[in-house]
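Asks: After the structure tokens below, expect a handful of questions from me.
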Amino acid sequence: MVSTFTLLVIVIVLAIAFDYINGFHDAANSIATIVSTKVLSPFQAVLWAAVFNFAAYFYFTDHKVANTIAKTVAENFITLEVILAGLLAAITWNLFTWWFGIPSSSSHTLIGGFAGAGMAKAASLGAGVMSAINLAPILKVVAFIVLAPVIGMVISVIISIIILHISKNARPSVAEKWFKRLQLISSAALSFTHGGNDAQKVMGIIYVAMVAGNQLNSGDAMPEWVPISCYAAIALGTMSGGWKIVKTMGSKITKVNAFEGVAAESAGAVTLGITEHFGIPVSTTHTITGSIVGVGLLKRVSAVRWGVTVSLLWAWVLTIPVSATLAAIVFSIIHLFF
């Protein structure tokens, strides 16, 4: 029989491993355009992104997104077995979508897995499955499946129009040099807000695991090693890259030049900064995809490869229910041994 402490250690290790996978799964979000426009080499780009992923640790100290994740499942249904099942399901779906180059949401994978395992726990106790989840944070997450890419798209169009107006009299060669320099800043901003948003999700999971494992009381302050570990893991994961998804994000949705890269990355960073401020765990993938679509629409509607975009939408819609179903199955197996 595995002791509570041993199970807690396993859960924490898996949670940090998920953050690492999240890093290389989502690396494309912040480096795809800067690589496709040849501002940086792939290695330089992942190193650049990783530095700013970790730098977010020093700024995002309110942990609002972590608090939202922690409240996804009702406290009386949270056990280490539930968290373990949720993590295993999330890791499985993340690796599956990464292998096939599908830029799905690591955030929604984690939330779906956690919720699905909690619902399976409720069912095992003879309670209503919906009683296991807190609808307010879940509905907020579901709403932003639609809202995050739309907000990113609108902001990218606005930023594009502003930039075009400012640089309308500039010589194309001079403007191109400036846009490539500015892309360093915009990609850094996107990596910074990506780290701030995504690292917090696993922080929330580790926190509830420590409460369930009797190492913390609910309401206690989060130990400092938790955010440091999560930010370090996501930065190291980013350094590992995710080249299959880079190709999808950098060229398959629409061809992106340096100017469009600046607009899309800036829009993604602004959107992520706003949602983090309000504690909304949005998908970085959805946000930057919407931003890239926005710059494509500004050229013409046909510039966006809608077949690819629709395929991505299907992956987004399926992520939460598939992850939840996987987690419920994994929990049922784990429940046989604990």
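Asks: Checking the condition surrounded by fewer than 24 Cβ atoms within 10 Å (Cβ to Cβ) and modelled with pLDDT of 90 or more, which residue from Ile280, Ile228 passes?
Replies: Only one candidate passes the filter, namely Ile228.
Asks: A follow-up question, please. Could you tell me whether any residue of segment 188-208 is open to solvent by 30 Å² or more (accessible area, probe 1.4 Å), closer than 20 Å to Ile292 by Cα and part of a helix (DSSP H, G or I)? Even if it seems obvious, please write down each step before you answer.
Replies: Here is the first cut: in segment 188-208, the residues open to solvent by 30 Å² or more (accessible area, probe 1.4 Å) are 189, 192, 207.
Narrowing further to those that are closer than 20 Å to Ile292 by Cα: 189, 192.
From what's left, part of a helix (DSSP H, G or I): 189, 192.
Within segment 188-208, one or more residues are open to solvent by 30 Å² or more (accessible area, probe 1.4 Å), closer than 20 Å to Ile292 by Cα and part of a helix (DSSP H, G or I).
Asks: May I ask you to say which residue of Leu139, Leu184, Leu135 is open to solvent by 40 Å² or more (accessible area, probe 1.4 Å), touching a residue at least 24 places away in the same chain (Cβ under 8 Å), of a type in the set (A, V, I, L, M, F, W, C) and out of contact with any Gly (no Cβ under 9 Å at 6 or more places or on another chain)?
Replies: None of the others qualify; the one that does is Leu184.
Asks: Return the pair list, or none, for Cβ contacts closer than 7 Å from residues in segment 13-26 that are assigned to a helix (DSSP H, G or I) to residues that are of a type in the set (D, E, K, R), at least 6 apart or on different chains.
Replies: From segment 13-26, the pairs are Asn22/Asp198; Asp26/Asp198.
Asks: Out of (1) in a loop (DSSP other than H, G, I, E, B); (2) farther than 17 Å from Thr289 by Cβ, the odd one out for Ile161 is which?
Replies: (1)
Asks: While we're here: Which residues, counting only those in segment 42-74, are part of a helix (DSSP H, G or I), of a type outside the set (A, V, I, L, M, F, W, C) and buried (at least 21 other Cβ atoms within 10 Å of the Cβ)? Walk me through how you get there before you give the answer.
Replies: The first filter runs over segment 42-74 and keeps only residues part of a helix (DSSP H, G or I), leaving 42-58, 64-70.
The next check asks that each one be of a type outside the set (A, V, I, L, M, F, W, C); those that pass are 42, 44, 53, 57, 64, 67-68.
Once the filter is applied, which keeps residues that are part of a helix (DSSP H, G or I), of a type outside the set (A, V, I, L, M, F, W, C) and buried (at least 21 other Cβ atoms within 10 Å of the Cβ), segment 42-74 yields Asn53, Thr68.
Asks: A further question on this structure: Please specify each residue of segment 143-153 satisfying the condition of being open to solvent by 70 Å² or more (accessible area, probe 1.4 Å) and more than 12 Å from Ile274 (Cβ to Cβ).
Replies: The one that is open to solvent by 70 Å² or more (accessible area, probe 1.4 Å) and more than 12 Å from Ile274 (Cβ to Cβ): Val146.
Asks: Here's a follow-up. Go through segment 125-143 residue by residue and tally those that are part of a helix (DSSP H, G or I) and out of contact with any helix residue (DSSP H, G or I) (no Cβ under 6 Å at 6 or more places or on another chain).
Replies: 8
Asks: Considering only residues that are assigned to a helix (DSSP H, G or I), over 18 Å from the mean Cα position of the chain (by Cα) and not polar (S, T, N, Q), which ones fall in segment 75-105?
Replies: Within segment 75-105, Glu75, Phe77, Leu80, Glu81, Val82, Ile83, Leu84, Ala85 meet the criteria.
The values are calculated or read from the model by the stated rules, or taken from the named source; none is laboratory data. Keep in mind it's a predicted model, so treat the numbers as computed, not measured. We place every Cβ from the backbone using ideal geometry, glycine too, and count neighbours over all the protein chains shown. To get the accessible areas, we keep the full protein, side chains included, count just its heavy atoms, and leave off ligands, DNA and RNA. Shrake-Rupley method; radii C 1.70, N 1.55, O 1.52, S 1.80 Å.
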